[in-house]
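J.: Got a structure for you, questions after.
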Amino acid sequence: MTRTPVTGEHVLEAAAVSVAALRKGDREAWSNQAGPMEMSCWDALEHLHNGVFSYALRLSGPEGWMPGGPLIGWDPLPIRFDREEGPETGIQVVSMMSGMVAAAVDARGPEVRAWHVWGVADPEGFAAMGVVETLAHVFDLTQGLGVDFDPPADLVAPALARLFPEAPTGADPWRTLLWATGRGDLDGRARRAPDWTWHAAPLDE
């Protein structure tokens with residue numbers, strides 16, 4: 001079966017559906033715990049910003065980034081926002097970080113590789129990571145905020161197939177992605193252990 005490649009457009013779409021969902025939450029709810037994450041929604045949002053930002057940074061050089069480069073010793077949470085201004089300030093950063101990933105992905109050729117703890121990835125891999133990181137953590141956030149989040153199947157499915165080739169097919173892609181990231185059960189399958197990983201390297205490597 002032909003697999004749909006993940007592109008910068010998917011990253012931008014993930015940000016768009018996420019921003020729309022997050023804007024439904026009340027300001028008072030942002031102090032709640034973000035689903036299974038042992039942190040508040042405020043902290044979880046900054047965690048998301050910095051995770052996605054790191055993907056853009058790793059791809060930004062023409063040859064990608066590998067261990068031993070300039071990221072050693074950097075602040076693990078360099079992206080912060082003024083919480084006194086309210087959640088909208090942080091919500092806007094979701095679009096900014098995703099825009100950076102999309103631009104980096106689309107600017108790099110398929111031969112470029114950059115390091116991730118779960119494997120050396122190509123630009124498509126980082127696009128898929130941007131989608132999954134965003135959707136999974138926005139699910140966590142919406143659990144804390146008490147709002148619904150159901151991203152479209154045609155957005156979820158390509159990233160799911162790229163990062164989780166072992167995932168069962170035939171079920172709803174969003175429910176399958178939640179299972180793959182340890183956030184739900186699937187058709188009698190037990191919830192995955194917290195040490196789950198994704199397949200960052202190109203699928204043919």
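The values are calculated or read from the model by the stated rules, or taken from the named source; none is laboratory data. What you are looking at is a predicted structure, and each value in this text was computed from that prediction instead of being measured. No Cβ is skipped: glycine too gets one built from the backbone with ideal geometry, and neighbour counts run over all protein chains shown. Keep in mind that these areas ignore ligands, DNA and RNA; they rest on the heavy atoms of the full protein, side chains included. Shrake-Rupley method; radii C 1.70, N 1.55, O 1.52, S 1.80 Å.
J.: So for the chain, averaging the separation of alpha carbon pairs under 8 Å that are six or more residues apart and normalising by length, what relative contact order in percent results?
T.: Relative CO of the chain lands at 29 percent.
J.: May I ask you to give the percent of accessible area on the chain that is carbon plus sulfur, with a probe radius of 1.4 Å?
T.: It is 53 percent, rounded to a whole number.
J.: For segment 87-205, state the semi-axes of the equivalent ellipsoid (square roots of 5 times the eigenvalues of the alpha-carbon gyration tensor), sorted largest first and rounded to whole angstrom.
T.: 23, 21, 12
J.: Considering only DSSP states other than H, G, I, E and B, which GluC sites (Glu not before Pro) in segment 120-197 qualify as loop sites with at most 14 other Cβ atoms within 10 Å?
T.: Filter output for segment 120-197: Glu166.
J.: Sorted by accessible area with a 1.4 angstrom probe, largest first, how do Thr197, Thr169 fall? List each step's numbers first, then the result.
T.: Working: Thr197 65, Thr169 125 Å².
Output order, biggest surface exposure first: Thr169, Thr197.
J.: Suppose every Lys and Arg Cβ carries +1 and every Asp and Glu Cβ carries -1, with no other charges. What dipole size does the chain come out with about its Cα centre, to the nearest 20 debye?
T.: Rounded to the nearest 20 debye, it is 220 debye.
J.: While we're looking at this one, here's another question. Only Cα pairs within less than 10 Å get springs; with that Gaussian network setup on the chain, which residue of Pro152, Pro67, Pro173 has the largest fluctuation?
T.: Largest GNM mean-square fluctuation: Pro67.
J.: For Trp118, what accessible surface area do you get with a 1.4 Å probe? Give it in Å², rounded to 10.
T.: 90
J.: Roughly how many nanometres apart are two label points built 7 Å out from the Cα toward the Cβ at Leu77 and Thr4?
T.: With each label placed 7 Å out from Cα toward Cβ, I get 3.5 nm.
J.: Ok, one more. Rounded to the nearest 20 Debye, what is the dipole magnitude of segment 135-201 about its Cα centre when Lys and Arg each give +1 and Asp and Glu each give -1 at the C-beta?
T.: Roughly 180 debye for segment 135-201.
J.: Taking the alpha-carbon centroid of each part, what is the distance from segment 1-62 to segment 145-202 in angstrom?
T.: Between the Cα centres of segment 1-62 and segment 145-202 lies a distance of 15 Å.
J.: Looking at segment 136-200, which trypsin sites (Lys or Arg not before Pro) are DSSP coil and have at most 16 other C-beta atoms within 10 Å of their C-beta? Write down the numbers at each step before the final one.
T.: Values: sites: Arg162, Arg175, Arg183, Arg189, Arg191, Arg192; in loops: Arg183, Arg191, Arg192.
When the trypsin sites (Lys or Arg not before Pro) of segment 136-200 are filtered for loop state and at most 16 Cβ neighbours within 10 Å, Arg191 remain.
J.: Here is a follow-up. Which helices pass in the chain if a helix is a full DSSP H run, must span at least 20 angstrom along its long axis by Cα, and must have mean Kyte-Doolittle hydropathy not below 0.5?
T.: 8-22, 87-107, 123-145
J.: How much accessible area per residue does the chain have, in Å², with a 1.4 Å probe?
T.: 47
J.: Under the Kirkwood approximation for Rh and a Cα-based Rg, what ratio Rg/Rh is obtained for segment 5-136?
T.: Details: Rg = 15.0 Å, Rh = 15.2 Å.
Radius of gyration relative to Kirkwood radius: 0.98.
J.: Contour minus end-to-end for Thr197 and Glu88, with contour as 0.36 nm per residue of separation and end-to-end as the Cα-Cα distance?
T.: Taking 0.36 nm per residue and subtracting the Cα distance, the gain is 36.1 nm.
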